[in-house]
Amino acid sequence: MLVILLIAQHANKPCKEISYFILFYFILPNGSKSNLMTIFYVAIQCDNGHIVCFTCFPELMNNCHKCSLPISSKRSKVIENISQSIQMPCPNEKYGCRETISQSGKRKHEEECIYVPCYCPVKGCDFVASLEVLSNHFNHKHGDSLIEFSYGHSFTVSLNSNDEAIVLQEENDGKLFTLNNSTMLLGNAVNISCIDVNSPEAGYSYDILARSKISCLKFHSSPMNVQRSTSATLSSEILMIPFGYFGSSKPLELEICITPKVPLIFSVSILWLFFQL
């Protein structure tokens with residue numbers, strides 16, 4: 001059964017959001033409700049009280065779409081208060097989040113929600129889930145295609161020039177990283193990203209060492225947090241490896257070390273204790 005609550009009409013028919021300002025949901029066979037649709041942050045009205053959404057207001061040239069009277073800057077607090085008080089399921093409900101949120105708290109919750117969908121980094125696999133479920137999926141389905149490592153310990157990765165990504169997993173906490181490789185004009189661009197949510201920068205640093213017969217390249221950086229590992233994952237911070245480092249038949253051996261960053265407060269505390277001795 002479809003339940004509809006009509007609040008106000010969008011003035012602009014081709015509006016990119018919705019044709020009417022409505023809240024609607026489906027009553028599912030088991031009695032539960034599907035997600036509520038988008039509601040307005042700001043509603044304003046003309047002198048006759050006709051309500052217009054803030055999205056369409058600039059395109060109306062200050063004339064009401066119903067009665068052509070001027071649209072004032074007077075906001076419809078009743079409509080705004082209704083929209084702000086309505087509780088909605090988190091957009092990540094299908095991935096495990098059980099929180100209900102108001103419109104005013106929607107942005108903050110989405111920035112902090114740990115159930116943001118992450119995509120399996122294995123090429124050809126379309127599995128999407130929360131970070132924890134993705135880690136379990138990877139262990140059960142792709143355990144033979146990853147390289148395990150321990151934080152703070154160097155390990156070796158064999159990289160072919162045409163490899164796009166190699167998945168790395170920390171053996172204790174199961175955190176997933178990808179070694180990204182892209183062929184450029186001058187060689188291969190390589191870096192590491194972390195499959196995680198929320199902040200764009202992961203709380204880790206990494207080192208990559210590449211050797212040839214006559215020289216070596218060293219690179220130190222911090223991985224970006226990404227929910228999907230693609231060819232666009234490469235950031236501006238990359239290690240450029242000239243083609244000469246790759247042999248005609250053998251892969252290039254890279255020495256890698258990934259380390260959690262020490263929080264600044266913890267570092268200051270250690271220094272304070274040191275000077276107290």
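No lab work stands behind these numbers, since they all come straight from the coordinates. A quick note: this is a predicted structure, and the numbers were derived from the prediction, not measured. A quick note on method: Cβ atoms are made from the backbone with ideal geometry, for glycine too, and the neighbour counts reach across all protein chains shown.
Annotations
- Neighbours by Cβ (under 6 Å, 6+ apart or cross-chain): first from region 118-146, in contact (Cβ under 8 Å) with a residue 60 or more places away in the chain; second crowded, with 16+ Cβ neighbours inside 10 Å and in a helix (DSSP H, G or I): CYS118/LEU131; CYS118/LEU134
- Within region 190-208, being part of a strand (DSSP E or B) and crowded, with 17+ Cβ neighbours inside 10 Å holds for VAL190, ASN191, ILE192, SER193, CYS194, ILE195, TYR204, TYR206, ILE208.
- Checking the stated criteria, LEU179 turns out not to satisfy the condition of being part of a helix (DSSP H, G or I) and in contact with a strand residue (DSSP E or B) (Cβ under 6 Å, 6 or more places away or on another chain).
- If you filter region 119-149 down to residues that are among the acidic types (Asp, Glu) and under 22 Å from the mean Cα position of the chain (by Cα), you find that the one that is nearest to ASP207 (Cα to Cα) is GLU132.
- Subset of region 171-186 (residues that are of a type outside the set (S, T, N, Q) and crowded, with 18+ Cβ neighbours inside 10 Å): LYS175, LEU176, PHE177, LEU179
- In region 97-142, residue surrounded by the fewest Cβ atoms within 10 Å (Cβ to Cβ) [restricted to those that are within 18 Å of THR178 (Cβ to Cβ) and aromatic (Phe, Trp, Tyr)]: PHE127
- Residue count for region 84-112 under the criterion of being free of Cβ contacts under 8 Å to residues at least 60 places away in the same chain and outside any loop (DSSP other than H, G, I, E, B): the result is 16.
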